[in-house]
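Working notes for the structure below.
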Amino acid sequence: MERTEAEDLLNKYANGNCTEEELAILHTWYLAQESSQPQISAEEVEMAKQKVWDGLAIHGATVTRTIKLFPVKLFKQIAVAAVAVLSLYLGYYFTQRDQLSLTPKVAKQEQILPGGNKAILTLADGTSIDLNNIKKGLLRHSNGADIVKTDDGKLVYNSVTEKTEAIAWNTLSVPAGGYYNVTLSDGTVVWLNAKSSLKYPTEFKGTERIVELEGEGYFEVAHNGKQLFKVLTKHQTVEVLGTHFNINAYQDEQSTTTTLLEGSVRISASGAQKLLIPNQQAKLSDDKMTVNSCKADNAIDWVNNDFIFDNENLSTIMRKISRWYNVEVSYPSNLSNLQFTGSISRSKNITQVLKIMELTGIVNFKVEGRRITVMQ
């Protein structure tokens, strides 16, 4: 940390503009300074510092996975700054600490909270149902299926014995800042990520089970040897009998990716076909498909309510953040290929996520309303 950064932090404290994280770091430094005073033992200082560290929100955000989050720079930054910077630059300020209010003054700013369970169901007749604002229980009977909202907020199609000729198509649309889970009439379970939609029939007829996906979805397909299950996206078709896989088909991504966790899938695109086995991922870009081994669980981090970055570039990360927190993001093009590795829970507010990335020392963020600007 440079001298100017230390001075800026202290000036922010004096003016009451520190965030909670900055206050925690500043108080840790203060305790280190106090450790030189006879009335406070070294053990007491260490206990207090550990208490501050354990209570620091950004620290707690890093323990959601065993994957190492950004090479130990978080602790390093605090430790080095406390030893090297404190003795040189903070003594003067803390000799005048009696003139400063010891009551924390935290800058107020609107919290950008994580997404939640929300979606719009559009029925075959055009009726739209906001699933956030409707009671649990039977929502509608439609062409061979009862549509039910469960106690835990999921959507379930229960097939009923009924002679129906027409196929009724429903569409489940998830907005930015949302996700949703639906069980189709054949027992297939689908998780939809933010800014995604799934079009499907209320009842599957004939020799194929066909659904249409935009955005990202994770599928656990119920096995049926008599009915092939097909997922259609803008650029490819995925065919299975019964298996677990994830498809990322956002239009603003450079490629469509299909990741297999269990079973096997056949992908058809641009006149080519590829068969995947578990822990393989197919990428379709510019009408060219490649298949590589992968950590399949990383592809469904969002299903487990996590962000997992494995040498992931900044542009991809910021698109994920934009969708989940429903914010607008901008960054210089020269930063787009910066890579990050780590993990954090998607249940954290956006400030905590950005702070983790800032502690790498690579980037900084400016938050204005719901607009995030990335800087170096």
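Remarks
- Global form of the stretch 306-375, assessed from the alpha-carbon gyration tensor, a/c cut-off 1.5: rounded
- Cα principal axis extents for the stretch 181-239, largest first, Å: 32, 24, 17
- For the stretch 112-176 and the stretch 332-376, distance of Cα centres in Å: 35 Å
- Extended-chain gain in nm, criterion 0.36 nm per residue less alpha-carbon gap, Asp151 and Lys234: 26.5 nm
- Whole-Hz ³J(HN,Hα) from phi, Karplus 6.51 cos²θ - 1.76 cosθ + 1.60, for the stretch 177-193, glycine and proline x: x, x, 7, 7, 10, 9, 9, 6, 5, 8, x, 5, 10, 10, 9, 10, 7
- For Met375 and Val160, the difference between the fully extended length at 0.36 nm per residue and the C-alpha to C-alpha distance is 71.8 nm.
- Among the listed pairs Lys154/Lys283; Lys274/Lys320; Lys118/Lys199; Lys199/Lys230; Lys295/Lys366; Lys274/Lys295, those whose Cα-Cα separation exceeds 21 Å are Lys154/Lys283; Lys274/Lys320; Lys295/Lys366.
- Kirkwood analysis of the Cα pair distances in the stretch 116-299 returns a hydrodynamic radius of 16.8 Å.
- The listed peptides 349-362, 289-302, 326-339, ordered by packing as a protection proxy, come out as 349-362, 289-302, 326-339 (highest mean of other Cβ atoms within 10 Å first).
- If the chain linking Trp169 and Ala272 were pulled fully straight, counting 0.36 nm for each residue of separation and taking away their Cα-Cα distance, it would gain 34.2 nm.
- Trypsin sites (Lys or Arg not before Pro) lying in DSSP loop within the stretch 132-172, provided at most 14 other Cβ fall within 10 Å: Lys135, Lys136, Lys163
- In range of the label at Asn305: residues from the stretch 133-161 whose backbone nitrogen is under 15 Å from the point 7 Å along Cα→Cβ: 152-154
- With the simple model of a label 7 Å out from the Cα in the direction of the Cβ, Leu138 to Asp8 spans 6.2 nm.
- Cβ charges +1 (Lys, Arg) and -1 (Asp, Glu), total dipole of the stretch 116-299, debye: 80 debye
- Near the amide H of Ala222, within less than 5 Å, lie the amide hydrogens of Thr188, Val189, all on another chain or at least 5 residues away, with H placed in the peptide plane.
Read-outs throughout are calculated quantities, based only on the coordinates presented, and are distinct from any laboratory measurement. Just so you know, these numbers come straight off a predicted model, no measurement behind them. Positions of Cβ are backbone-derived with ideal geometry, glycine not excepted, and every protein chain shown enters the neighbour counts.
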